[in-house]
Amino acid sequence: MAERKNDKFRVAVIFNVLNEQYQISILEGMKAKALELGLELVFIQQEVSFNKTGIASIFPLENYLNADGIILMSSVFPGNDKINTYTGIKNLYGNKPVITVGKEIPGIPSVMIRTKDSMEHLVAHLVEQHDYKTFLYLSGLADHRDNKNRQKVFVDSMEKYKKEKRSVSYDILIGNFSEVEAIDKMSAYISTHENAVDAIVCANDNMAIGTYKVLKTLDEKNPWRKCAVTGFDDTPQASLSIPPLTTVVQPLDEIGRKSVNLINNLLKGQPVPPVCDIQSKLILRNSCGCRLYSQDTQQIIDTLQHDYFQSEQLLRNMSVFGQEVNGSYSMTKLRSTLDINLNHLGIQTFIIIAFEKKNKAHVLYTKLNGQQLMKENEIEKTTISEYANKLSALTPKGQCFAVKFLYTSEGNLGCIFYDAPSYAHPCVFSISVNIAQKIYNMNTIRERARQAQRLEQEVEKRTKQLIRVNNKRLAVEAEVLKISDMERKRFSTDLHDDICQRLAGISMLCRSYSNNPQGATSEQMTELTQLISTTLSATRQYAHNSFPMDLETLGLSDSIENLLVAASKNACLIVEFNWNLPKEYEFEKTVAVNIFRIAQEGLQNIIKHAKATKVVFRAEQTKASVVISLSDDGIGIQKEKINSGLGFHSMEYRANQIGAKFSIKQNTPKGTIVELKIKNNEK
């Protein structure tokens, strides 16, 4: 294969996401080997489980990073059918050299970590050496290849002992490899299982440490505290836990080195074996019940203190970093924020690229090996492959970069090229969220500016039309004010002429009775009580007319029916109520209030002006809308009165407020119909 002009091969290593120790440890092994061989590695974080369109949405790399070879980690395979077969990989990458790590695909060279023997040895140790009988297996992701293999070996081993008449039993609890999930799952499991098991076998160290945290918070008398716990992977935390964790060591550094060496041989046209096996090994410590491992207490304390202080410092730096990125009001301010805070995190290479249409992009920020390459207010237009070639020319052999995509709800807005210490990879994961949001905000501001310019041009074309619309709006507002004043005046008049007069009568009676030395008679008190009762009823009716409280308790149907019943009694009308809507049909509160008000206004007009003897209310549902009508058999109404009456304008205004079609027409053979049509989706 022909080499680049700068004599460097570029290899794309596709991870899931670099925010946990397992993948970061493999990455460090890869970087060390790449430095020895002079390869350029680009670690691409696909975050497959969150990428709905799959890995093929960004690759093949021919049109993206112009990579010479590809390393696929096992974490990117679940849910991606397009790369799960030889044909799928060839369709994506053509004749580019490809190897897989942890996933064996016939025809594709692979680095495989063999864990079957180690898991069998672990189970045998627990059963035969410690004589444990009851087990709980805390599993990882159900569709994860490594997890399925480990769980199968565990189950097969248990079933083998059952056939040998050993009294063993087990249960399976599904997790997702994370410490947090293990805490949640174990807490729930223990709360529903009083009888503790002898041993808890976890599919990785993260879940084992989470299980430890749950057990150590239990009461000392709780039998679950005494459970043996084992892990898998031998992460750095495994030997520091108390007691230290019995686990299976996967030589992660060796995995990284061997995979880079394998792809390097492929790139040079050298023969490679179809499968490179790396064996795991059982590590016995104290968590399984053994007393074979002696911890250096002072060393553990020093290490834990170092990790704690580093973690605290990182948390403080990340908190400040996030706040300052969110507070950056310009690209200049954002660059200044990045310069300061990246130094605090020990990150010397950090490049932000924003995507445009197709393969176009623009570079917003470039810090390469501690040097700022961009001038103030400068934005470099490029493509991803062109910029990758530029970085390659500016860096020595063995320089590696990680790529983190910038996702928001709007999609993939760009990416970050960076190189960081192992402890800082999870920090970049968090930083990317703030930066993605900031890019989205800046894009939004630019788009709003463009929209404002377009709107300004549109305003110039439509000025006369807008003036007419505005004048009409002012007229409507003036009419609404008139309607409001009319309603307040009417309410005030009713209070004065009715309630105040009743109260004045009550006052006069009370004064008369108080001046009578012999007091009020029973008949007089009955008269006074009746007068107070009718006044109270009238007051309640005015309050109800002012704001229909029944709507919230009874609903629209019963409220309108009560309105008609009251009109029947007070105005001697024959009323007919037909509510033919489905029982489950509901109106929004604002819509219900306006429908009630329209019915109330229409009924009042009928009582005052129509000289009617009968009123009919109907509510029906058609295919397109809900039709509500109020009809009478009165004298009808002249068209000019419809256009000039404030009451009718009030009803029309309310109908417009809820997006309904309002009409007033002649009834047959006589009278008037007030009709309201509301689209079915207006609920």
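The values are calculated or read from the model by the stated rules, or taken from the named source; none is laboratory data. This is a predicted model, so every value here is computed, not measured. Please note: Cβ atoms are built from the backbone with ideal geometry, for glycine as well, and neighbour counts cover all protein chains shown. Quick note on the areas: whole protein, heavy atoms, side chains included, nothing else; ligands and nucleic acids left out. Shrake-Rupley method; radii C 1.70, N 1.55, O 1.52, S 1.80 Å.
Of note:
- Distance between the C-alpha centres of segment 380-453 and segment 578-603: 54 Å, rounded to the whole angstrom.
- The phi-based Karplus calculation (6.51 cos²θ - 1.76 cosθ + 1.60; θ = phi - 60°) puts the 3J(HN,Hα) values of segment 392-403 at 4, 6, 8, 10, x, 4, x, 6, 10, 10, 9, 10 Hz, whole numbers, x for Gly and Pro.
- Each residue of segment 253-264 was assigned a 3J(HN,Hα) from its phi angle through the Karplus expression (A = 6.51, B = -1.76, C = 1.60, θ = phi - 60°), giving 4, 5, 4, x, 5, 5, 5, 5, 5, 5, 5, 5 Hz with x at Gly and Pro.
- Of the GluC sites (Glu not before Pro) found in segment 558-602, those in coil by DSSP whose Cβ has at most 14 other Cβ atoms within 10 Å are Glu584, Glu586, Glu588.
- Exposure of Lys381 as accessible area (Å², to 10), given a probe of 1.4 Å and all protein chains: 140 Å²
- Rg(Cα)/(2.2 N^0.38 Å) for segment 340-412, N = residue count: 1.16
- Pairs from Lys589/Lys679; Lys33/Lys96; Lys268/Lys397 whose Cα-Cα separation, in the structure shown, is over 26 Å: none
- Here the label points at Ser319 and Lys670, each 7 Å from Cα along the C-beta direction, are separated by 8.2 nm in the simple model.
- Potential lengthening between Leu373 and Glu584 on full extension [0.36 nm per residue; Cα-Cα distance subtracted]: 69.5 nm
- Considering only alpha-carbon pairs that sit under 8 angstrom and 6 or more positions apart, the relative contact order computed for segment 563-683 is 27 percent.
- Multiplying the residue separation of Glu456 and Thr408 by 0.36 nm and removing their Cα-Cα distance gives an extension gain of 14.3 nm.
- Pairwise label distance in nanometres, Lys677 with Glu254, each label 7 Å out on the Cα-Cβ vector: 8.0 nm
- Candidate lysines - alpha carbon under 25 Å from Lys464, same-chain residues fewer than 8 apart omitted: Lys472
- Taking 0.36 nm per residue of sequence separation and removing the Cα-Cα distance, the Lys148/Glu620 pair yields an extension gain of 164.0 nm.
- By average C-beta atoms within 10 angstrom, highest first, the peptides 500-511, 425-436, 393-404: 425-436, 393-404, 500-511
- Sparsely packed loop sites in segment 380-422 (the GluC sites (Glu not before Pro) outside DSSP H, G, I, E and B with at most 12 other Cβ atoms within 10 Å) comprise Glu410.
- Estimated FRET transfer efficiency (Ala32, His193; beta-carbon r; R0 56 Å; 0.05): 0.80
- Table column - 3J(HN,Hα) (Hz), segment 191-204, Karplus curve with 6.51, -1.76, 1.60, x for Gly and Pro: 5, 10, 10, 5, 7, 6, 8, 7, 9, 10, 9, 9, 6, 7
- Under 26 Å from Lys614, Cα to Cα: lysines that are on another chain or at least 8 residues apart: Lys569, Lys639, Lys641, Lys661, Lys665, Lys670, Lys677
- The share of C-alpha pairs in segment 364-446 whose separation exceeds 20 Å stands at 40 percent.
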